[in-house]
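Every number in this text was worked out from the coordinates using simple rules, so none of it is lab data. In this text the structure is predicted, and so the values were computed from the model without any measurement. Because the Cβ atoms are built from the backbone with ideal geometry, glycine has one as well, and the counts that use them run over all protein chains shown.
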Amino acid sequence: MSAQTHTQALARPLQADRAAEWLIALGALMIGSGGVLLGVQVDANRGFSGTGYAAFALGGVIALVSTIVRARGSQGLPRDFHGAFAALAAFLGLTFVAGGVLAPGGPWMFAEFAVLLMLAMRRPREGSRWISSGALWLMVALFVFRLWITYQGGRNHWQVLSVPIPILSWLPFDFLAPIQSVSLGSFTPWELGLPPAGVDFPITLGLWTGGFALCSAGIFVVQLAAREHENDRVHDVIHTLPAPLAGLVERLLPEEEWETLGLHGLATRMLCKRIEALVRERAQRQRDITAAVDRAHLLRLSHTDGFSGSIQSAIVDFESGADRRAEE
C-alpha cells in the first residue's frame, strides 16, 4: 500500500466520524423541534397555549422504563460526548413521542399509559432499535385517537363516539333525541385541557402531526448516527494494528456484525479484549473447517452423484474459493 493510499484510508474514518456527529446534531434538532410542536395548541383566537405537563411526565416515565430494560445486562455505555449526546437525544425523543400520543386527559390517558408501559417493559431483541415497527404503529393509532377526541371537543361533541339506536333514531320526533343515540366515552373540556376559547383544530392538527413526524424521524436519525459513530470507534481500535493484520481482523469480524457481537459501547480496554477473543474463536473455527475439508478429499473418489456428490461439490467450491483468496 502506497503512502498516499494509506493516508486516504486513514482519512475516510475521520470523515465518516464527522458525518456521524452532524447526523447526531441534526437528529437532536429534529427531536427538539418536534417536542415543541407536540406541546402547543392553538385556540380559536389564534393564541398559543401549552398542552400541560402531565403527558410529558408520563412519557418520561415510559422512556425511563424502556431505557432501564434495554440497559439491563448490557455492558455498553456511551463512551464519549457524542455517544452520550445521542443517547440523551433518543431518550428525549421517546419521551416526546410517548407523551405526544397520549390522550390530553381523563381515564384514556392512564389507560394508554398502562399499554405503553407494558410495551416498554418487554425485553427487546438483540440489536433492536428504541422504537420497533410494531410499537411505532401502536403509537400512530394512539396519536390518531388523540386527534379524534380533540376534534370532537373542538366541535363541542363531548363523547368519543355517538352510536344511533336502530328504529328510535329513525323517528322524526325531537322529544326522542335524548334516547335516539348512545354516547360512548363521554368527557368534559377540562379533562382534555382545551383552551377556554376552544381549539383551532386544523392548525393544531398540523402542529401535532409535524411534531410527531419530526420526533419519530429524529429518533431514527440519531440511532443511525450513533450506530455509525460506534462503528467508527471500533474501526479506529482495529486500525491501531498494522495494516495487513487490521485487514485480516476485519475479514474475520465484518463491520455488519460489530453491534450484534457486542462491540458497541465497550471501553477501549474491554473492546480490545473482546476483539481478541472473537478473533481467536473465529480463527480456530476457520482452522477446523480447513482441516475438515482436508479430511474430505477421499470422498471425491467414492461419491460422485446424488446428495453426497452435491455436498462434495460444495466443499470443492469452498476449497477453490479459499485458494483464490490466498492467491489474492
Backbone HN-Hα couplings from phi across the range 88-101 [Karplus 6.51/-1.76/1.60, Hz, Gly and Pro as x] | 5, 5, 5, 4, 5, x, 5, 4, 5, 5, 5, x, x, 8
Tell me the label-point distance for the pair residue 36, residue 65, using the 7 Å Cα-to-Cβ offset, in nm and rounded to one decimal.
-> 3.1 nm
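Going by how many other Cβ atoms sit within 10 Å of their own, how do 157, 264 line up, fewest first? Kindly include the intermediate steps, with their values, before the conclusion.
On the way: 157 13, 264 24.
If I rank by nearby Cβ atoms, fewest first, I get 157, 264.
How do 218-226, 251-259, 97-105 rank on mean C-beta neighbours within 10 Å, highest first?
On the way: 218-226: 22.7, 251-259: 14.0, 97-105: 25.2.
Averaged packing, sorted descending, gives the order 97-105, 218-226, 251-259.
Over all distinct Cα pairs, what is the inverse of the mean 1/r for the range 195-236, reported as the Kirkwood hydrodynamic radius in Å? Numbers along the way, then the final one.
Working: mean 1/r = 0.0778 Å⁻¹.
Value: 12.9 Å, from the Cα pair sum.
What does the convex hull of the Cα atoms come to per residue for the range 45-117, in Å³? It would help to have the intermediate numbers written out before the result.
Numbers: hull volume 6.7 nm³, N = 73.
So the per-residue Cα hull volume is 92 Å³.
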Cα pair distances in the range 198-290, grouped into 5 Å bins until the bin that holds the longest one, percent each = 2, 11, 18, 17, 11, 8, 7, 6, 5, 5, 4, 3, 2, 1, 0, 0
Got a sec to turn the phi values of the range 57-64 into Karplus ³J(HN,Hα) couplings, 6.51 cos²θ - 1.76 cosθ + 1.60 with θ = phi - 60°, whole Hz, x for Gly and Pro?
-> 5, 5, x, x, 5, 4, 5, 5
Give a residue-ordered list of calculated ³J(HN,Hα) values for the range 264-274 (Karplus: 6.51 cos²θ - 1.76 cosθ + 1.60, θ = phi - 60°; whole Hz; x for Gly, Pro).
-> 6, x, 8, 5, 4, 5, 5, 5, 4, 5, 5
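Assuming R0 = 35 Å, can you tell me the calculated FRET efficiency for the pair residue 54 and residue 80, based on Cβ-Cβ distance, to the nearest 0.05?
Working: r = 35 Å, r/R0 = 1.01.
The formula returns an efficiency of 0.50 here.
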